[in-house]
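Read through the structure below, which is laid out as structure tokens, and then see the notes.
Only the coordinates and a few stated rules stand behind these numbers; no lab work does. Everything quoted here is computed from the prediction, not taken from an experiment. Here the Cβ positions follow ideal geometry from the backbone for every residue, glycine too, while neighbour counts run over all protein chains shown.
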């Protein structure tokens, strides 16, 4: 939901170098059915936390929908899921 | 044969109400268990933290019930009527607050229509931090490792609540 400016700020503060996309109108958040209506500050709509691992064919190979907003996907689990995907020859 | 007579003060000295101390320690631990840093760290059993934050206040309430039973039931033996009452009320408030917080943090949309394992992830295009449009299909096809020139095995999509 953050604008590219806010995300840019976060990236430079946190040292993130991966592609960081903004969805200020929650279009993709809605398409992925992740909109948390009134879940943000002052009852604004935000995204619920969720993680998807998508393989080269565009197929979802691993997902994580947390049951508690404080608990997020573990880096170890995400790495293991990524390693389980066979490398496609190209 | 000269038995010392215990002083009156010592004879009627009341015992420390140990449950008051235990309940207070558990109450402090309950508050600490909510610290965000615990969720930023990576350790086994982290998934139990929300339950621990709910259970600890309940345990502290039990300790204060014991403490108050002693203080009011055997006042000749135990101290802590006033302190126990104050801490007891605080622990009940903390427990009530913990229940509300527990429910609030788990109050998430069902996301029943979200892509599941085996399904195609819907393609999309969004702007990156530089304002440049980037699509999922583009990310899946763009080599990260420029030396091998190979497209990535996969892309990890992380949706978060905005800034956190």
(request) Note the per residue figure in Å³ for the convex hull of the C-alpha positions in the stretch B:48-115. (result) 76 Å³
(request) Please find, in a Gaussian network model of chain B (springs between Cα atoms separated by less than 10 Å), the residue of B:127, B:34, B:42 whose mean-square fluctuation is greatest. (result) B:127
(message) Between B:103, B:116, B:13, where does the largest GNM mean-square fluctuation fall for chain B, given springs only between Cα atoms within less than 10 Å?
(response) B:116
(message) Which of the three applies to chain A, rounded, prolate or oblate, going by the alpha-carbon gyration tensor with a ≥ b ≥ c and a/c under 1.5 meaning rounded?
(response) prolate
(request) Quick one: compute the contact order of chain B, relative version, from alpha carbon pairs under 8 angstrom and 6+ residues apart, as a percent. (result) 17 percent
(message) Taking the Kirkwood radius as the inverse of the mean 1/r across Cα pairs, report the Rg/Rh of the stretch A:49-90.
(response) 1.04
(request) Treating the angle as unsigned and between 0 and 90°, give the value, to the nearest 10°, between the Cα long axis of helix A:4-14 and the longest Cα principal axis of chain A. (result) 60 degrees
(request) Pairs of Cα atoms under 8 Å, at least six residues apart: use those to get the relative contact order of the stretch B:8-105, whole percent. (result) 36 percent
(request) Based on alpha-carbon positions alone, could you give the equivalent ellipsoid semi-axes of the protein assembly as shown from the gyration tensor, as √(5λ), descending, whole Å? (result) 56, 19, 15
(request) Grab the DSSP H runs of chain B that are 4 residues or longer, score each as -39,500 (n - 2.57), total them, divide by all residues and round the 222 nm result to the nearest 500 deg cm²/dmol. (result) -15500 deg cm²/dmol
(message) Output the 0 to 90 degree angle, nearest 10, between the alpha-carbon long axis of helix B:49-73 and the longest principal axis computed from the alpha carbons of chain B.
(response) 10 degrees
(request) Would you list the P(r) distribution for the stretch A:1-48, with all Cα-Cα distances sorted into 5 Å bins from 0 and each bin expressed as a whole %? (result) 5, 22, 24, 22, 19, 9, 0
(request) Please give the contour-minus-distance gain from residue B:31 to residue B:62: 0.36 nm per residue of separation, less the Cα-Cα distance, rounded to one decimal in nm. (result) 9.5 nm
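I want the antiparallel fraction of DSSP beta bridges within the protein assembly as shown, as a percent rounded to 5.
Around 95 percent antiparallel, to the nearest 5.
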(request) Report the residue, chosen from B:22, B:107, B:123, that carries the largest GNM mean-square fluctuation when chain B is represented by alpha-carbon nodes joined by springs under 10 Å. (result) B:123
(message) If I fit a long axis through the Cα atoms of helix B:81-105 and take the longest principal axis of the Cα atoms of chain B, what angle between them do I get, 0 to 90°, rounded to 10?
(response) 10 degrees
(request) With a cut-off of 15 Å, note down the residues of the stretch B:42-56 whose backbone N falls inside the zone around a label point 7 Å from the Cα of residue A:84 toward its beta carbon. (result) none
(message) Give me the one-decimal nm value for the distance between modelled label points at residue B:147 and residue B:85, 7 Å along each residue's Cα-to-Cβ direction.
(response) 7.5 nm
(request) Treat each spin label as a single point 7 Å out from the Cα along the C-beta direction, and report the residue B:16 to residue B:93 distance in nm. (result) 2.7 nm
